[in-house]
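I have a structure I would like to understand better, so I am pasting it below and will then ask my questions one at a time.
The values are calculated or read from the model by the stated rules, or taken from the named source; none is laboratory data. Here the structure is a predicted model, which is why all the values come from computation and not from measurement. Neighbour counts run over all protein chains shown; Cβ positions are idealised from the backbone, glycine included.
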Amino acid sequence: MSERTSEPSKTTLRPYVLGYIWSIYLTITVYLLVTSDRFDSYIVVPIVIALAAVQFVVQLVYFLHLGQETRPRWRLYAVLFMIIVVSILVFGSLWIMSNLNYRMTPQQINTYMQSQDGL
């Protein structure tokens, strides 16, 4: 019988702490950008979307360790599938809400708004 000696993987906290700091920094930056009324919404919205994309990459690299595994193709497929599902959910929801808003008559909107005042 041969004994297998396996070295435990050396996991350090450094990538997690660095990812956490980047995530907090990006979140606070977006919060301060949105709450301060210094910029027009036409400027703020693209910046928030860009910072969300940066935070998405930070989450993938520092917490999911994308690119550091032995079989990166499978993880890439999982990430692409997740992006497709989230895109369908977000854009489908926006499309449904826009369509419902378009189809409501002004009288329905007024009735709804008056029913919300009593809450």
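Quick test for you: out of 47, 88, 84, pick the one residue that is touching a Phe, Trp or Tyr at 6+ places or on another chain (Cβ under 9 Å), at pLDDT 85 or above and farther than 19 Å from residue 20 by Cβ.
Just a single option satisfies the conditions, and that option is 47.
Filter the range 12-58 for residues that are surrounded by 15 or more Cβ atoms within 10 Å (Cβ to Cβ) and either of a type in the set (S, T, N, Q) or in contact with a strand residue (DSSP E or B) (Cβ under 8 Å, 6 or more places away or on another chain) (or both) and give the result.
23, 29, 55 - these are the residues of the range 12-58 that are surrounded by 15 or more Cβ atoms within 10 Å (Cβ to Cβ) and either of a type in the set (S, T, N, Q) or in contact with a strand residue (DSSP E or B) (Cβ under 8 Å, 6 or more places away or on another chain) (or both).
Ok, one more. Just to be sure I understand the filter: pairs with C-beta atoms under 9 Å, separated by 6 or more residues or on different chains, first member in the range 32-60 and touching a residue at least 40 places away in the same chain (Cβ under 8 Å), second member in a helix (DSSP H, G or I). Which pairs pass?
59/19; 59/23
Modelled with pLDDT of 85 or more and among the charged types (D, E, K, R): is that true of residue 14 in this structure?
yes
Something else now. Conditions first: (1) out of contact with any Ser or Thr (no Cβ under 7 Å at 6 or more places or on another chain); (2) surrounded by 10 or more Cβ atoms within 10 Å (Cβ to Cβ); (3) in a helix (DSSP H, G or I). Residue 116 passes all but one, so which condition is the exception?
Condition not satisfied by residue 116: (2).
If we scan the range 60-81, do we find a residue that is modelled with pLDDT of 85 or more, surrounded by 11 or more Cβ atoms within 10 Å (Cβ to Cβ) and in contact with a Pro (Cβ under 8 Å, 6 or more places away or on another chain)?
Scanning the range 60-81, I find at least one residue that is modelled with pLDDT of 85 or more, surrounded by 11 or more Cβ atoms within 10 Å (Cβ to Cβ) and in contact with a Pro (Cβ under 8 Å, 6 or more places away or on another chain), so the answer is yes.
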